[in-house]
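Written out below as structure tokens is the structure these notes cover.
No lab work stands behind these numbers, since they all come straight from the coordinates. Predicted model only: the values in this text are computed from it and were never measured. Here Cβ is always computed from backbone atoms with ideal geometry, including for glycine, and neighbour counts include all displayed protein chains.
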Amino acid sequence: MTSASTNDIEFRSVAKRYGSVTAVSDINLAVPQGAFVALLGPSGCGKTTCLRMIGGFEQPSEGMVYIGGQPMNGVPAYRRPVNMVFQQYALFPHLDVEQNVAYGLKQMRPRAATAEIVRRTQEALEMVRLGGFGKRRIHEMSGGQQQRVALARAIVNKPKVLLLDEPLAALDKKLRTAMQIELQSLQRELGITFLLVTHDQEEALSMSDLVCVMSTGHVVQMGPPQEIYDRPASLFVADFVGKTNRIAATIEPGAGSVRLANGVGLSKPARANGTGGAAMVAVRPEAISLVRNGTATLQGTVTHRIFLGSTVEYSVEVEGLGDFLVTADRRNESELAEPGERIGLNFDPNAMHVFPA
Ligand code: ATP
């Protein structure tokens, strides 16, 4: 059976076990053709295992993997229309840049004409902005340049899908940010599907069209970055993607309200899951406003203030509920508070989420 959709990659009820260890289970995933998708999750959640099953380095224990609508179970890695870029680049140190990039083309059977190999190698090097570097040895290239060589090598034979396993992890922060922008442009230019594994939520949110959040071998939410951030499907997603304040509460059945652990009642926020019982209210630090004079839902004491340039982060202790993290715009005078100051907290009801505890 083939997949009739325009999905480039599809997982249907996929599980992978290593002896008694279940790396992933019941994974259903559809990656649209030409999308930039990030697999995001904490260490050990199964991201790399998923990538390796697409690349053909592992076979699923259960379920089916499709690429371009074709079932891939049992198809060896070299017969799949995908390439992979590894965290450690895996370049050949004894070959120069050009030879590294051309390597895959030279292995293909039937072998392309030499002029064609040269042309495509140069084209791939130009695409990663390494036009004049073909004759350099690998050890003469910086970390960022080696990363580009690895990319050029992976795109030279025009795969349908490019798999990237934490490709920027070895770079320093500044270079990483620059490469994030370049990877995004490269993907747009090539128009091929990119699947990126990362445990860095900022990287996932800033680069991809779709974020697939994983936890303990499962996909827990997949959607555009803004949707993941604004409408997390669970407390896990709210915590893992961005910062979140959690407030213990009770949903009062039928009453349309939520009672916080300190007794304060709130009218039930728009995004309330669960109908009654113990709950957890999740609210982003930027969805809380500080009130110096006037009525507020909660009162607290500012314990810490951290300047972060354009924003200020406050820690506010509320009796009976603990510490709240609040992010304020530095230009907003009314929100600037001093440590030790008593202050009110108000919540944006549209930005609050209630999850059953
Ligand atoms: P990281 O971000 O640390 O690379 P990950 O999300 O990519 O983590 P995986 O490498 O896919 O996670 O591993 C998922 C689970 O499967 C882990 O518990 C891991 O220990 C286990 N696992 C992975 N490969 C093997 C293997 N070859 N043999 C046994 N267990 C494995």
Zero-based 10 Å bins, Cα pair distances in segment 199-281, whole percents: 17, 41, 27, 15, 0
Segment 278-357 - Debye-derived log10 I(q)/I(0), Cα point model, q = 0.24 Å⁻¹: -1.20
Under the Debye formula (equal points on every Cα, no solvent term), log10 I(q)/I(0) of the chain at q = 0.12, 0.15 Å⁻¹: -0.94, -1.20
More than 23 Å apart - percent of Cα-Cα pairs taken over segment 230-335: 31
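Test of understanding: ordering GLU62, GLU10 by Cβ neighbours within 10 Å, fewest first, what list do you get? Don't jump to the answer; show the numbers that get you there.
Numbers: GLU62 14, GLU10 21.
Taking fewest neighbouring Cβ atoms as first place, the list is GLU62, GLU10.
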Cα centre as origin, Lys/Arg/Asp/Glu Cβ charges: segment 5-129 dipole, Debye: 240
Alpha-carbon spread of segment 19-120, three principal axes, descending order, Å: 47, 29, 29
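Fewest Cβ neighbours within 10 Å first, please rank ASP230, ASP8, ASP172 accordingly.
Starting with the residue having the fewest Cβ neighbours, the order is ASP172, ASP230, ASP8.
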Listed residues ILE155, PRO253, ALA169: farthest to the positive end of the dipole of the chain (Cβ charges): ILE155
Two-decimal Rg/Rh across segment 136-258, once Rg and the Kirkwood Rh are taken from alpha-carbon atoms: 1.12
